[in-house]
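Below: the structure, in structure tokens.
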Amino acid sequence: MKPAFLPRLVNHPFGDPGLYVELRYEGRAMLFDLGRIDRRPGSALFKLQHVFVSHTHMDHFIGFDHLLRLFLARERDLHLYGPPGFIDNVRGRLAGYTWNLIESYPLRFIVHEASCDRVKSVTLPASTAFAPQDESERPFDGVLCETDAYTVRTAHLDHKIPSLGFALEEKTRLNVRADALERLGVAPGRWLNDLKAAVRAGRPDNTEIVAKWFADGVAQTRSFDLGSLRRDLLVETAGQKIAYVVDTIFSRDNVARICDLVRNADTFYCESLFLDAERHEATKRHHLTARQAGTLARAAGVRRLENFHFSSRYERDPVPFRVEAQAAFRGELAPDVPD
Ligand SMILES: [Zn+2]
Ligand SMILES: [Zn+2]
């Protein structure tokens with residue numbers, strides 16, 4: 001089965017961090033972090049609908065202006081998600097320009113700011129020179145955004161400021177077995193969506209599902225119980241999971257939060273600004289080493305680790321970072337232990 005998410009780093013591993021994820025079945029894309037994005041083609045960026053920003057250090061947020069310029073005259077609602085203070089950061093960037101003559105522009109930013117206990121949201125429409133509208137708040141439960149197809153979760157990590165880690169999870173896939181439909185003597189129809197919705201909602205096995213279809217222009221109905229259809233008709237496949245963690249310290253507390261967030265991910269994108277030899281420097285600057293990235297990936301049981309966001313002091317040679325991280329991931333290098 002083809003994967004639903006096609007993730008790729010926006011820049012080389014010594015460049016600004018950022019992960020572009022194409023959502024294959026939706027014709028859309030999302031972006032994790034907003035560093036330099038001007039090397040990505042406009043055709044790819046125009047697919048963006050959701051942008052998640054870990055924190056607003058410059059290398060993670062300087063691409064905002066490029067995004068603004070690309071989308072300014074577009075008819076689009078662009079959702080931006082970030083840590084505490086994010087709404088002020090976005091409004092501050094917008095306040096750096098003069099806005100008149102854009103009353104007819106339909107672009108709207110919908111900005112969501114996640115603190116540990118609530119998510120504040122505000123709409124900033126181009127048509128009103130980005131004056132805030134529709135301010136709202138909801139309790140924070142770890143989920144930033146959810147659709148029928150996927151969920152994006154976040155955790156607040158410690159970078160001397162909050163840095164958001166992200167996990168994009170596809171919901172369980174439910175495919176219908178055509179041969180089983182034939183065997184049951186029923187035809188496909190909208191009732192299959194009801195069946196999938198009932199399974200996703202965790203309804204009990206004795207829930208009645210009514211199959212409705214037309215045969216020779218005559219309406220047909222037949223009742224089944226959810227349990228038998230689930231067993232005979234549906235193939236359930238675990239969804240894909242992509243995790244993204246940048247700019248955070250290897251502390252006991254953070255290790256626990258990261259492991260919870262990224263557990264069993266198919267691919268784990270993890271920063272490692274330093275090598276193990278500069279472990280003290282990493283701790284001082286609230287960053288991770290390659291060995292620590294490997295330690296986290298192994299502890300969280302991920303399938304694949306891709307470490308990135310390497311310090312330019314290493315003369316642009318990514319090999320030592322990859323070797324060290326993969327050795328810790330495979331268990332050939334002893335795991336690091338938080339201080
Ligand atoms: Zn940072
Ligand atoms: Zn950074």
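The values are calculated or read from the model by the stated rules, or taken from the named source; none is laboratory data. A quick note: this is a predicted structure, and the numbers were derived from the prediction, not measured. For neighbour counting, all protein chains shown are included, and Cβ atoms are generated from backbone atoms with ideal geometry for every residue, glycine included. These accessible areas exclude ligands, DNA and RNA; they are computed on the full protein's heavy atoms, side chains included. Shrake-Rupley method; radii C 1.70, N 1.55, O 1.52, S 1.80 Å.
Give me the percent of accessible area attributable to carbon and sulfur for the range 99-231, probe 1.4 angstrom. Whole-percent figure for carbon plus sulfur exposure: 47. Were the residues from residue 104 through residue 173 laid out at 0.36 nm apart, the gain over their Cα-Cα distance would be 20.7 nm. Compared with the dominant Cα axis of the chain, that is its longest principal axis, helix 290-299 is turned about 30°.
For residue 17, what charge total do you get from the other residues with a beta carbon under 13 Å from its beta carbon, if Lys and Arg give +1 and Asp and Glu give -1? Charge balance near residue 17 sits at -4. Counting only protein heavy atoms and a 1.4 Å probe, the chain has 48 square angstrom of accessible area per residue.
Can you tell me the FRET efficiency between residue 256 and residue 223 if r is taken as the Cβ-Cβ distance and R0 is 45 Å, rounded to the nearest 0.05? It comes out at approximately 0.40. On C-alpha positions alone, give me the angle between the axis of helix 252-262 and the longest principal axis of the chain, in degrees, nearest 10. Helix 252-262 and the main axis of the chain meet at about 40 degrees. Counted without the sites themselves, the longest stretch of the chain free of GluC sites (Glu not before Pro) in a DSSP loop having at most 16 other beta carbon atoms within 10 Å is 104-314. Projecting the Cα positions of 144, 223, 287 onto the charge dipole of the chain (unit charges on Cβ atoms of Lys, Arg, Asp and Glu, taken about the Cα centre) puts 223 furthest along the positive direction.
The stretch between residue 285 and residue 334 holds 15.3 nm of extra length on full extension. This uses 0.36 nm per residue minus the Cα-Cα distance. Taking the Cα centre of the chain as origin and assigning +1 to Lys and Arg Cβ atoms and -1 to Asp and Glu Cβ atoms, the resulting dipole is close to 580 debye. A simple spin-label model places the labels of residue 180 and residue 136 3.7 nm from each other, with each point 7 Å out along Cα-to-Cβ. In terms of the mean number of neighbouring beta-carbon atoms within 10 Å, the peptides 291-299, 246-254, 39-47 order highest first as 291-299, 246-254, 39-47. The helix-only estimate of mean residue ellipticity at 222 nm for the chain, built from DSSP H runs of length n ≥ 4 each weighted as -39500 (n - 2.57), is -7000 deg cm²/dmol after division by the residue total.
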